[in-house]
1. With a 1.4 Å probe and every protein chain left in place, work out the accessible area per residue of the range 45-220 in Å², rounded to a whole number.
2. Round to a whole number: what % of the accessible area of the range 1-146 belongs to carbon and sulfur, probe 1.4 Å?
3. To the nearest 10 square angstrom, what accessible area does E17 show with a 1.4 Å probe?
4. Using the Cα centre of the range 45-220 as the reference point, and only Cβ charges (+1 on K/R, -1 on D/E), how large is the resulting charge dipole? Debye, rounded to the nearest 20.
5. Could you order the peptides 189-195, 34-40 from most to least packed, using the average number of other C-beta atoms within 10 Å per residue?
6. Put a dot 7 Å past each Cα toward the Cβ at R94 and K45; how far apart are the dots in nm?
7. How big is the Kirkwood radius of the range 45-220, worked out from every pair of different alpha carbons and given in Å to one decimal?
8. Where does each of 23-30, 77-84, 159-166 land if you order them by average Cβ count within 10 Å, highest first?
Amino acid sequence: MRTEPIASEANIPKSVEEFYTLLREYNLGLDYSDLPQWTKIFTEKEPPIYWVRLAEILSQYPKSYSVFEIGSGLGDVLALLNLLGFEKVAGIERLEKLATIGNQKLFNLFNSKDIIIGEYPIKLENIDTLIQVNCVYFEGLFSKQAYINQVWQFYKNANPKHFLLEVIDSSFTEHSNTFPDFVRISEEDIYKTFSGLKISSFLTYQFPKNSSTKRLYIISK
Ligand SMILES: C[S@@+](CC[C@H](N)C(=O)[O-])C[C@H]1O[C@@H](n2cnc3c(N)ncnc32)[C@H](O)[C@@H]1O
């Protein structure tokens with residue numbers, strides 16, 4: 001039985017790439033038989049592009065920032081936040097099974113359990129950075145306006161300095177049951193919704209190399 005967190009201060013890997021090797025090794029030891037297919041992305045040889053991009057963006061922010069992730073899954077984004085040294089890290093996951101495995105992972109790697117089991121939005125205060133990546137939540141929603149309203153409500157609830165939001169890009173026009181047309185968001189949609197804020201973005205996934213095209217937005221006050 002492990003007694004020391006494997007990424008404790010004494011042996012925190014120097015680079016994000018090195019850390020990914022450690023994280024992947026941990027993940028390869030998990031039992032995925034009962035878990036959704038997407039949970040396996042952090043067992044791939046290469047880390048997901050959005051995770052590497054997040055590392056690049058977040059490493060420019062002060063470590064004193066409080067960072068919150070909506071939809072934490074198995075905790076692989078929260079693991080990155082811990083690696084980068086953020087003092088205040090938390091996330092929320094509605095599926096208890098995923099949150100429990102994720103918290104065990106974070107505890108083994110960083111001696112912390114950052115995942116709240118619950119449904120976002122919850123009451124939050126003083127959030128500097130809000131993260132919503134690799135997540136398209138549209139249960140009970142049937143129009144683009146309703147979907148965009150939800151994204152806006154999720155943002156307003158935390159009222160962060162920075163919102164790192166990944167969406168399915170409107171340039172993705174293939175038929176898909178996973179991603180209905182109304183969750184495909186254009187740059188215009190985002191600029192209209194977050195007008196007055198500073199916005200930049202880049203593609204993280206691109207069809208046909210990937211199963212869809214996604215864009216990560218950095219939306220800042
Ligand atoms: C595809 S996963 C992505 C996990 C993580 N962000 C990552 O990149 O590895 C999306 C997760 O969000 C969770 N989720 C969706 N809507 C949620 C909500 N309103 N509150 C909390 N969790 C939610 C789902 O249960 C799912 O585990």
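The values are calculated or read from the model by the stated rules, or taken from the named source; none is laboratory data. Treat the numbers as computed from the prediction; the structure is a model and nothing was measured. Backbone-built Cβ (ideal geometry, glycine too); neighbour counts: all protein chains shown. These accessible areas exclude ligands, DNA and RNA; they are computed on the full protein's heavy atoms, side chains included. Shrake-Rupley method; radii C 1.70, N 1.55, O 1.52, S 1.80 Å.
1. Numbers: 8070 Å² over 176 residues.
Using a 1.4 Å probe on heavy atoms only, each residue of the range 45-220 averages 46 Å².
2. Working: 3930 of 7590 Å².
Solvent-exposed carbon and sulfur of the range 1-146 make up 52 percent of the total.
3. Using a 1.4 Å probe on the heavy atoms, I get roughly 130 Å².
4. Values: 18 positive and 19 negative charges, 39 e Å.
Once rounded to the nearest 20, the dipole reads 180 debye.
5. Values: 189-195: 15.0, 34-40: 12.3.
Packing proxy ranking, top to bottom: 189-195, 34-40.
6. Once both label points are built, they end up 3.6 nm from each other.
7. On the way: mean 1/r = 0.0603 Å⁻¹.
Result for the range 45-220, one decimal place: 16.6 Å.
8. Details: 23-30: 16.0, 77-84: 24.9, 159-166: 20.4.
Going from most to least packed, we get 77-84, 159-166, 23-30.
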